[in-house]
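In what follows, a single structure is set out as structure tokens and then discussed.
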Amino acid sequence: MLPILVLLLLASLVPPAISAFDGLRVDLTHVDAGRNFTKFELLQRMALRSRARSAMLVSKAAGGSANSISATDVPVSPNPYEYTIGVSIGTPAQPLLLMLDTGSDLIWTQCQPCLSCTNQSFPLYDPSQSATYSPLPCSSKLCQALPQSACHAQCLYLYDYLDNSFTVGTLASEAFTFGSTNNVTVPNLGFGCGFQNQGNFNGIAGFGRGPLSLISQLGVRKFGYCFISYDDDDSKSSALMLGSAANLNGSSTNIQSTPFVTNTSQPTYYYLSLDGITVGTIRLPIPRSAFALQQNGTGGVFIDSGTSFTQLTTVAYKLVRSAFLSQVKLPVANGTAEGFDLCFSLPSSPSAKVDVPKLIFHLEGADMDLPRDNYMLQDSSVGLMCLAMFDSGSEISIIGNFQQQNMHIVYDLDDQKLSFAPAQCDQL
């Protein structure tokens, strides 16, 4: 944890200083496009990143440290860790990639001049080249909403994480441009201009429920996304949809909904009620207490766009793992691959049929029946098939984005529910 004093010591080095619309789709861009990782290397990177991300979220969930858009549709793509949004910022516009994150609130990016920045594939945002950049005063509502801040003629922020990632910078307002075909520019969005950054991120678009988040600042009460498969080619893209553009289409028999659960101790996260899990034809004897949200705000289950693989509390994970061990008729791989807890050795013949039991998450009022590719990773080039799920090592369970592939998922904040339906996301 960095002390607030750090903000004041850095202050002398701080860089100088909507209208409603209908329908916006933003593409999500694959950050690792063009990089020469094998399929299994990508999966291992996802697994390692997922564990680090989970540690950060578990720490926060355990208590560790008015523009209006009526409908919008925005571009999105998977990297080995998360999905990113392509946006432009400033006047004239400067392009950025921001991680789509339903598990946090702050919008931030790395800025010039930078004291310490992580590597990124695009130029750092330069506020001195924008006519619409404006630092926010310490008296602003957004500054007051920061969990850690300091005042030195302007509002300074610090966000830090259990994995030692952090960003320090100036809270400011700027014009943001969204859209893949019909661009829409929204003025005066509050964001963090990070000049001291370390760790795994170079920018985030927070989609949590707090006042700093993108959806809160835009006044959006409904948003959705549809993630393509992690191994789809780079010509395809996922989609982020805001407002009425997020509405689910298709047969009502395929659409299911489950209510959000309120956690006043951690209001940012989208908690759900997970009642049980089925593997194959067997509903596992997981005690309801394994997924229960406690009165003190600990425990519970939430869905997250920024975590790759689902993490289950220990008692639940052990039962899931045991069920796959007993039902998958393949030998367990010796020295299971780095990043994974359970892998099986594939038959030597590529034409051999491999049976995999079904996996269903029983949510309140809805069953999330996962496609095989959303929980079992198979790569014949390395002869392995691995379970894309881990033990969270805590009282908290997280439903990750790998399990959400090829599902159209909608967050409805007015009706306080999550809806989902199977979808071919590259054709949505």
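Per residue, the convex hull around the alpha carbon atoms of region 249-422 comes to 132 Å³.
Rg and Dmax of region 151-284, both derived from C-alpha coordinates alone, stand at 19.0, 63 Å. On a per residue basis, the convex hull of the C-alpha atoms belonging to region 106-175 measures out at 112 Å³. One way to sum up the overall shape of region 163-234 is the equivalent ellipsoid from its Cα gyration tensor, whose semi-axes run 22, 20, 13 Å, largest first.
Using a probe of 1.4 angstrom and keeping all protein chains present, the accessible surface of region 309-428 works out to 40 square angstrom per residue.
Highest mean packing first, where packing is the average number of other Cβ atoms within 10 Å per residue, the peptides 393-403, 105-115 line up as 393-403, 105-115.
Of all accessible surface on region 249-422 at a 1.4 Å probe, what whole percent is carbon and sulfur?
Answer for region 249-422 is 48 percent, counting heavy atoms of protein chains only.
Pairs from the list 141/222; 236/329; 222/318; 358/417 with a Cα-Cα gap above 30 Å: 236/329; 222/318.
The values are calculated or read from the model by the stated rules, or taken from the named source; none is laboratory data. A quick note: this is a predicted structure, and the numbers were derived from the prediction, not measured. Using ideal geometry, Cβ is built from the backbone for each residue, glycine included, and neighbour counts are taken over all protein chains shown. The area values use the complete protein model at the heavy-atom level, side chains included, leaving out ligands, DNA and RNA. Shrake-Rupley method; radii C 1.70, N 1.55, O 1.52, S 1.80 Å.
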